[in-house]
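Asks: Before I ask anything, here is the structure I am working with.
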Amino acid sequence: MSEQWYKVKNSLPLEQGDILNSVQVVVPTYQFLSGTTDKVPVAIENVVILTQSCDLAQEGKTNWVQVAKLIDIETLFPTLTNRTKGQLNTIIKGNSANYHMIESCNLANHECGRKIIDFREVFNLPVEYVQQLAIEQGDLISLNSPYKEHLSQAYARFYMRVGLPTNIPYY
């Protein structure tokens, strides 16, 4: 079943839904941004590309690639209880705006468990940097359609949510 979710592809061109491992991302702190230190923290993360494939395909269309952090389920939920299973099912159903789950991968040399994409942990990286990483990593796994469109739609739902007051009183 997971073979339907993924394909193995050559590193380039970059596409929405490509998964890259061990990517250095800058995590600016208040101290760095306020100028009290010149040291900016760098984290190593596994990420999935959120930028639309059509923008990545056209050279010069964008200088940046937007990526989101991939999290192992065990990191968020170290033990499976009835409560955590309920939380996981909420994510699977798409009812947790900041998270999106993708299926495990059983493709040869790319095996991994289910992952949770955290839309609160989004980074913009220079396109040249991501292209070079992709080349260095060689064959990548990438989400197939319609799963990359599900990812895009889930991110759009997260990004566009607006809290509005209820103007009509409830019965």
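Asks: Can you give the longest run of the chain that contains no trypsin sites (Lys or Arg not before Pro) sitting in a DSSP loop with at most 12 other Cβ atoms inside 10 Å?
Replies: Between exposed loop sites, the widest span is 94-160.
Asks: If the cut-off is 21 Å between C-alpha atoms, which lysines fall inside it for LYS61, apart from same-chain ones fewer than 8 positions away?
Replies: Hits, sequence-local ones excluded: LYS148.
Asks: What is the Cα centroid distance between region 1-36 and region 136-171, reported in whole angstrom?
Replies: 17 Å
Asks: Within the chain, what's the longest run with no GluC sites (Glu not before Pro) in a DSSP loop and at most 12 other beta-carbon atoms within 10 Å? Give the range, please.
Replies: The reported range is 112-171.
Asks: Which far-off residues, 5 or more places away or on another chain, put their amide H under 5 Å from the one on ARG114, with H placed in the peptide plane?
Replies: So ARG114 has HN proximity to SER104.
Asks: Right, here's the next one. For the chain, calculate the relative contact order in percent as a whole number, restricting contacts to Cα pairs under 8 Å that are 6 or more residues apart.
Replies: RCO, the chain: 33 percent.
Asks: Okay, next question. With viscosity set to 1.567 mPa s and temperature to 4 °C, compute the Stokes-Einstein D of region 2-159, Rh being the Kirkwood radius across alpha carbon pairs; µm²/s, no decimals. Don't skip to the answer; put the middle values down first.
Replies: On the way: Rh = 16.5 Å.
The Stokes-Einstein estimate is 78 µm²/s.
Asks: Please list 3J(HN,Hα) in residue order for region 136-153, calculated via the Karplus relation 6.51 cos²θ - 1.76 cosθ + 1.60 where θ = phi - 60°; whole Hz, with x for glycine and proline.
Replies: With the stated coefficients, region 136-153 comes to 5, 7, x, 4, 10, 9, 9, 5, 7, 6, x, 6, 5, 6, 4, 4, 4, 5 Hz.
Asks: Please work out the Kirkwood hydrodynamic radius for region 132-171, using every pair of different C-alpha atoms, and report it in angstroms with one decimal place.
Replies: In region 132-171 this quantity evaluates to 13.9 Å.
A short reminder: the numbers here are calculations on the coordinates, not readings from a lab. Remember, predicted model here, so these are calculated numbers, not experimental data. Methodologically, a virtual Cβ is constructed for each residue, glycine included, from the backbone with ideal geometry; neighbour enumeration extends over all protein chains shown.
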